[in-house]
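Nothing in this text is a laboratory measurement; each read-out follows from the coordinates by a stated rule. Computed from a predicted structure; not experimentally measured. Cβ placement follows ideal geometry from the backbone for every residue including glycine, while neighbour counts extend to all protein chains displayed.
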Amino acid sequence: MSDALHTPVCDVLGCTYPVVLAGMGGVARSELVAAVTKAGGFGFLGMVREPPALIEAEVARVREVTGRPFGVNIIPAATDSSLLDAEITTCLALSVSAMTLFWDVQPAVVRRLKDAGVIVVYQIGSLDDAKRAEDAGTDILIAQGREAGGHVRGNEPRNRLVTDVVAAVSLPVLAAGGIVSGRDLAEALSLGAQGVVVGTAFMATHEAFAHDYHKQRLIEARDGDTLLTTDFHINWPEGAMVRVLNNSVTRGLRGDPKSGSREAIGDEEGRTIYLFSTDSPLRSMTGDFEAMALYAGEGVGRLQSIVSAEERMRSIVDEATAILTAGSGPER
Ligand SMILES: Cc1cc2nc3c(=O)[nH]c(=O)nc-3n(C[C@H](O)[C@H](O)[C@H](O)COP(=O)(O)O)c2cc1C
C-alpha cells in the first residue's frame, strides 16, 4: 500500500487509493465496479434511469465478489420523478454506502440520502454549484472540468475549477475530466484535491460494459478527436453538452439533430435506440454503433491499449507514487 497517496477521503469512502471510478451510465456495471474496488479504488455503479430490479441485481453481484464498500450513481435531472423515487428507495433498502449525484443541485435529494446515513458525493461543474451542494449537506465534491467525457456540466478547465473549489469550500474535492495517468493524479493532489475520478480510462478496460466497438475507438483516438456537442440529446434536459469522439453525427452527415424525427439505429434487448439519443454502445446492444454517442474525455489520446481495470489502477497508482515520493511536483 502506498501511504504517499493516502488522503482523508480514502477513510471516508473506505478505499485504499484516492482513485474513484466514475458512475458511467451503462458502462460502469458490476464487473467493472468490483474490479476497481478490489484493486483498491472506489467504484460507482452507473445506474442512471435504470429500474430498481437492475440496481438490486448489480449491487448483489458486486457484493458476491468483494466485501469492500462501493456506491451508486443516479442523475435526478435526467430521471422521471417516480423512477427516481424508486431508485433511491431501492438504494436505501440495500444500504448502499455512498451515492453520487450529478447535474443541477437538488437539495431535497441530498437531504433524503443524508437522513438515511448515505455518504453523498455531488459532481459539479462550477463554483456556484459547489457552494449549493455544500449548503445542501453534501459530503464530497467532484469538480468536473470541461475535459470530461460524457455529459459536461460546466465550462471550466479542470485545474482552474479544482483550485477555485478547494479554496472556496471546506469539503474534500475530487478532480474529474481527462485523467488517465499517475501524473494527472499527482497534479490533482498538488492542487489540493484529495483524489481523482476516472471515467474514460476505466471504460477502456476488459471489465467495462461498453461495447468492444466503443473501446476500440477509444484506443484508436488521438488528441483532439473529442468535441463538446448538444447533438446527442434524447432523454436529457435540453442544451446538455456531451464530450464525444467525432463521428458522422457530429460531422453533420446524419441530418439535423433538432428536427424531432426519430430514426431507429439500434436495439438493446427489445428497447429501440434512436439516432441522437444519449445511449452509448454497450455489450447488450446491436446496431449502427458509429452513429451513437461515443463518449470520451480529452485524455483519450493517451490511452494505448485495453487492459484490465487492475492494470489501469496499478499504472496510475505506481506512477503517482513514484512522482510524489521523488518529491518532484508534476511537470507543467
Ligand atoms: C461513457 C460515460 C458515461 C458517463 N455517464 C455518467 C453518468 O451516468 N453519471 C454521471 O454522473 N457521470 C457520467 N459520466 C461523466 C463522469 O462522471 C466523469 O465526469 C467523466 O467520466 C470524467 O472524465 P473522463 O471520462 O475524461 O475521465 C460519464 C462519462 C462517460 C465517459
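Key figures
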| item | result |
| --- | --- |
| Residue with peak Gaussian network fluctuation, the chain [Cα springs, cutoff 10 Å], from Ala77, Ala175, Ala98 | Ala77 |
| Ala116 long-range amide H proximity, modeled H, under 5 Å | none |
| Partner aspartates and glutamates for Lys258 [C-alpha distance under 20 Å; skip if fewer than 8 residues away on the same chain] | Asp231, Glu238, Asp279, Asp288, Glu290 |
| Along principal axes, Cα extents of segment 41-98, largest first, whole Å | 32, 20, 15 |
| Convex hull of segment 212-299 built on C-alpha atoms - directionally averaged projected area, nm² | 5.5 nm² |
| Prolate/oblate/rounded call for the chain, Cα gyration tensor, a/c under 1.5 rounded | rounded |
| Residues Leu174, Leu294, sorted so that the one with the fewest Cβ neighbours within 10 Å comes first | Leu294, Leu174 |
| Whole-number percent relative contact order across the chain, with pairs defined as alpha carbons under 8 Å at least 6 apart | 17 percent |
| Histogram of C-alpha separations across segment 1-108, 5 Å bin width, % | 2, 13, 24, 24, 17, 12, 5, 2, 0 |
| Segment 1-78 and segment 147-180: distance between their alpha carbon centers, rounded to Å | 20 Å |
| Hits among aspartates and glutamates - C-alpha to C-alpha of Lys38 under 13 Å, sequence gap 8 or more where chains match | Glu64, Glu207, Glu310, Glu311 |
| For Gly297, residues with placed amide H under 5 Å, excluding near neighbours | Gly149, Thr200 |
| Among Leu54, Leu127, Leu185: highest mean-square fluctuation, GNM of the chain, C-alpha pairs under 10 Å | Leu54 |
